[in-house]
Structure formats: structure tokens, C-alpha cells
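Q: Let me give you the structure first, and then I'll get to my questions.
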């Protein structure tokens, strides 16, 4: 897990899953040529930042454990995401990733639905998790957010439509809202968050 900047004041965050939420889902994305941000991503992130939220990516990256790519490739991709967002006046405040997979090295505390990345980010950035949000496209995302008291939103992009179909099974915590994409999720937060 890695992070970028730090602050000593307590604050709120919006945690974003990466693949399928921030960028178009590509299995084991690691090449810049395959990176496509979801439509409206920069505007959504900019609006959340302007509302006073830290915007932090929390992403499972089992491709590292599987040997498909290394951490250098991942950091290069994240730098490209920042470059594209910056071109539209937006930025991610920190990136956290889990490089593990239970079939390749055993269990860990950071692979969603485990909440390790969120807990680490809260510690690093003095974030109040119970006044924060998590946006993602899988039951694992919703589980991680729910485990630490975040309000959660499932987006239908990426794997979200399949996750929505499975919600009736009772296996996964229910998100507060289900919306089409990151732009809609940002709009929901801005209209339903009361500090």
C-alpha cells in the first residue's frame, strides 16, 4: 500500500475503487494504452474536492501477485491517471493498492472486502471514516466501506450491474445507493451529505 500526501487535520474522504469505477474495466489493466477514464470522471472528482472531500483511490491489484505486472507499472499508470485528471483541473489525493491474492501468497488485511486500505488511509490522512463515503462496482468494495462505517454507493459501471443483480442474496452489505456511474455517485453525495 502506498500514499501520496499527508495532513494533520481531521477530514472526510470519498474513497474510489479504480477499475470499473474511475476507469473503464480492463482485466488486469497495467498498460497506459488500455487506460480509459469513465466519462465525467474528472468533473466528478473536481466537484468532490471542491466540496472539501479528500478523494482517495483504493484498488485491489492481484495482477501483481499473479506476476502480470509489477509495482513500477502500476505507479506509471497512476501517474498517467493524475496527468489526465490534472488536464481537467482534478486530482486524486492518494492511491492505495493491495498487491496480494489469497491464491498467490495467502490472506492479507488489505484486499477488499477487508478494510485495511481504508484504515491505513484514515491513519495517514486523519480521515473520519464514519463521515466518509466509498464508491465502487463490486460487493467487495461495498463490504470494505461498510466494515469501517463509510456510507457506500454501488455504481453500475464495471462489474456493478452484476453486483446489483446479486444484492438480493443477502451475502453482501447493502449500499446506501445504486447509481449509474461516478458522475451520478458524486451528485448523490453532494445532495445527500450533511457533514
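Q: So which of 44, 65 ends up being at pLDDT below 95 and buried (at least 17 other Cβ atoms within 10 Å of the Cβ)? Before you say what the answer is, go through the steps one by one.
A: Working: 44 fails: at pLDDT below 95.
Answer to the check: 65.
Q: Another question about this same structure. Give me a count of the residues in the range 169-185 that are closer than 19 Å to residue 25 by Cα and either at pLDDT below 95 or assigned to a helix (DSSP H, G or I) (or both). Step through it out loud before you land on a result.
A: Of all residues in the range 169-185, those closer than 19 Å to residue 25 by Cα come to 178-185.
Going one step further and asking which of them are either at pLDDT below 95 or assigned to a helix (DSSP H, G or I) (or both), we end up with 182-185.
Residues in the range 169-185 being closer than 19 Å to residue 25 by Cα and either at pLDDT below 95 or assigned to a helix (DSSP H, G or I) (or both): 4 in total.
Q: Another one. Mind listing whichever residues of the range 33-52 are without any contact (Cβ under 8 Å) to a residue 60 or more places away in the chain and more than 14 Å from residue 80 (Cα to Cα)? Quick ask: steps written out before the conclusion?
A: Within the range 33-52, the subset without any contact (Cβ under 8 Å) to a residue 60 or more places away in the chain is 33-37, 42, 46, 49-50, 52.
If the condition is that a residue be without any contact (Cβ under 8 Å) to a residue 60 or more places away in the chain and more than 14 Å from residue 80 (Cα to Cα), then 46, 49, 50, 52 are the ones that fit.
Q: Any idea which residue in the range 54-64 is farthest from residue 145 (Cα to Cα), counting only those that are touching a strand residue (DSSP E or B) at 6+ places or on another chain (Cβ under 9 Å) and in a helix (DSSP H, G or I)? Spell out how you get there, then give the answer.
A: Kept after step one, since they are touching a strand residue (DSSP E or B) at 6+ places or on another chain (Cβ under 9 Å), are these residues of the range 54-64: 54-62, 64.
Narrowing the set further to residues that are in a helix (DSSP H, G or I) leaves 62, 64.
Numbers: 62: 19, 64: 23 Å.
Only one residue fits best here, namely 64.
Q: Within the range 3-25, track down each residue that is at pLDDT below 95 and either in a strand (DSSP E or B) or surrounded by 13 or more Cβ atoms within 10 Å (Cβ to Cβ) (or both). I'd like the intermediate steps shown before the answer.
A: First pass over the range 3-25, keeping only residues at pLDDT below 95: 3-11.
If the condition is that a residue be at pLDDT below 95 and either in a strand (DSSP E or B) or surrounded by 13 or more Cβ atoms within 10 Å (Cβ to Cβ) (or both), then 3, 4, 11 are the ones that fit.
Q: Quick one: residue 177 ticks every box in (1) more than 22 Å from residue 41 (Cβ to Cβ); (2) touching a residue at least 12 places away in the same chain (Cβ under 8 Å); (3) in contact with a strand residue (DSSP E or B) (Cβ under 8 Å, 6 or more places away or on another chain) except a single one, so which number is it?
A: That leaves (1) as the condition not met.
Q: Checking residue 74 against (1) touching a strand residue (DSSP E or B) at 6+ places or on another chain (Cβ under 7 Å); (2) under 22 Å from residue 160 (Cβ atoms); (3) part of a helix (DSSP H, G or I), which single condition isn't satisfied?
A: Residue 74 satisfies every listed condition except (2).
Q: Residue 149 fails exactly one of the following numbered conditions: (1) assigned to a helix (DSSP H, G or I); (2) farther than 16 Å from residue 185 by Cβ. What is the number of that condition?
A: (1)
The values are calculated or read from the model by the stated rules, or taken from the named source; none is laboratory data. This structure is a prediction, so every number in the text was calculated from the model and none was measured. Cβ sites come from the backbone with ideal geometry, for glycine too, and all protein chains shown count toward neighbours.
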